[in-house]
Structures are given as C-alpha cells and as structure tokens.
Amino acid sequence: MPMDIIISAIGVFIEILDYLILARVFLSWLPFGMDNPIIRFIYTLTEPILAPIRNMISKSPLGGPGMVLDFSPIIAFFLIRVVFGIIQNILLNG
C-alpha cells in the first residue's frame, strides 16, 4: 500500500514535468521574452533536464552548431519514462 502512494506521487510529478516540457516547446515557438515570470519559471524548472541532453546531442554526430531542431524534449520524454519504469520496478519488486 505505501509503495502505491509513492509510485502515484512520482507519476504525478512526472506528469507535471511532462506538461512543463511541453509548455516550453510551445513557448519556444512564440515571441515571448524571458521577462515574463511564468516563462522564467517554466525555463527554470525544465532547463536542468534539457540542458544536459542538449549538450550530449551537440557533441554527437547528429548535433552541432548548425542544428535547426532541438530534439532534447523528445529525448527527455523518453528518458523520463525509462527512469520512471526502473523506479517503479525497483519499488514494486523490492
């Protein structure tokens, strides 16, 4: 029973994180400045996740300075799901 609560809480956290990353993707298409406190809040929460992924992509043969699209949100969605699955498996199987 307590593990179910922990897994549910982590699931809610991940869902909120997904929405924040998705909001950031949409905001990147719109002409908003960083002076908006809501945009700054979203960037502050998502940048620690997206920046390392973006850094790894830029060092790979797929990335580089001429990269037009930022694939870090897609990779972040995938990695978050993988990590959640691993955590869920560890908590359920002890």
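Estimate the FRET efficiency between Asp70 and Ile16 by the formula 1/(1 + (r/R0)^6), using the beta-carbon distance for r and 25 Å for R0, to the nearest 0.05. Efficiency, from the Cβ-Cβ distance: 0.75. Which is farthest toward the positive dipole end of the chain among Asn36, Ala76, Pro2, measuring Cα position about the Cα centre, with Cβ charges +1 (Lys, Arg) and -1 (Asp, Glu)? The residue sitting farthest along the positive end of the dipole is Ala76. Among the chymotrypsin sites (Phe, Trp or Tyr not before Pro) in region 14-94, those located in a DSSP loop and surrounded by at most 16 other Cβ atoms within 10 Å of their own Cβ are Trp29, Phe32, Phe71.
Averaged per residue, the chain has 72 square angstrom of accessible surface, using a 1.4 angstrom probe with ligands and nucleic acids left out.
Keeping the other protein chains in place, figure out the carbon and sulfur percent of the accessible area of region 1-52, with a 1.4 Å probe. All intermediate terms of the calculation are to be shown ahead of the outcome.
Working: 2790 of 3620 Å².
Using a 1.4 Å probe with all protein chains present, region 1-52 comes out at 77 percent carbon and sulfur.
Once you sort the root eigenvalues of the Cα gyration tensor of the chain as a ≥ b ≥ c, which label holds: rounded (a/c under 1.5), prolate (a/b larger than b/c) or oblate (the other case)? It is oblate, given that a/c is not under 1.5 and a/b is not larger than b/c.
The values are calculated or read from the model by the stated rules, or taken from the named source; none is laboratory data. The structure presented is a predicted model; accordingly, all values stated were derived computationally and were not measured. Here the Cβ is made from the backbone with ideal geometry for all residues, glycine too, and neighbour counts use every protein chain on show. Note: areas computed on protein heavy atoms with side chains; ligands, DNA, RNA excluded. Shrake-Rupley method; radii C 1.70, N 1.55, O 1.52, S 1.80 Å.
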